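Every number here is computed from the coordinates shown, using simple stated rules; none is lab data. Everything quoted here is computed from the prediction, not taken from an experiment. When we count neighbours, we look across all protein chains shown, and the Cβ atoms used for this are built from the backbone with ideal geometry, even at glycine.
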Amino acid sequence: MTPCFTTDNNTARVETLEEAIELDARTLAAWAGHPHLRIIDNSTDFNGKLVRLLREVMTALGKPAPFEHARRFLIDMPDRAWLENHPACRRVEIIQTYLTDVQGEKRRICMRGSDGSYIYYMTTHCTGTDGSRIETEKRLSLDDYQQLMMEADPMCMPIRKTRYCLMDDAHAFEVDFYPAWQDKAMLQVELNDPEADVHIPENFRVQREVTDDPDYQNYAMAKIR
């Protein structure tokens, strides 16, 4: 990423570069675990940053946006104690339920949170006229969530997982533990550029990448066989 920090154009900045880096890391750590954490980095020019920022704001408001790029890896079962004690890591419990399709749109609802505090939302996937995958997300009340549970796809099981959200090297990593898996976990990282290099934290041992493996998509994993 291109370094952009300077004190030349802003008299309110008093930190050194090293202090600014430390404060930035603390800010990222404080937000680790938030379901809509997005990092607008310096991988593009300023106009490019504005475009990416607008896209993320539209997505948060429930407006259609191009499907985000993500890479997924099977990893050896990591050390949970290390994750629990990492200052830039947060644990959340997730239950994903797939609903029956409506007009060709795939829908799922999600319950997410920890320690008795949960949020609920619905995600809809469809295909745009240009063939791109479009994702829309909508926040739900508990009543809405319970009502939509009546539309659960009978051919899919709810997916339950414990997720650890970890900030490392300016990337937001998600480590998913599934109850049925005893020797592995899933590592995911979201990227602005699908061709960008990803530095996997050294505490994770990658078995193989499964980004394009349909058997490891959540929908396929939920299907009753």
Most exposed first by the Cβ proxy, i.e. fewest other Cβ within 10 Å, how do Ile119, Ile109 rank?
Ile119, Ile109
Check which residues have an amide H placed less than 5 Å from Gln207's amide H, if you skip close sequence neighbours.
Leu74, Ile75, Asp76
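Got a sec? How would His69, His171, His199 order by Cβ neighbour count within 10 Å, fewest to most?
Numbers: His69 14, His171 18, His199 10.
Result, fewest neighbours first: His199, His69, His171.
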Out of residues 5 or more away from Asp168 or on other chains, whose amide H comes under 5 Å of its own, with H placed 1.01 Å from N in the peptide plane?
Phe173
Give, in nm to one decimal, the length gained when the segment between Leu191 and Ile224 is fully stretched (0.36 nm per residue of separation minus the Cα-Cα distance).
8.8 nm
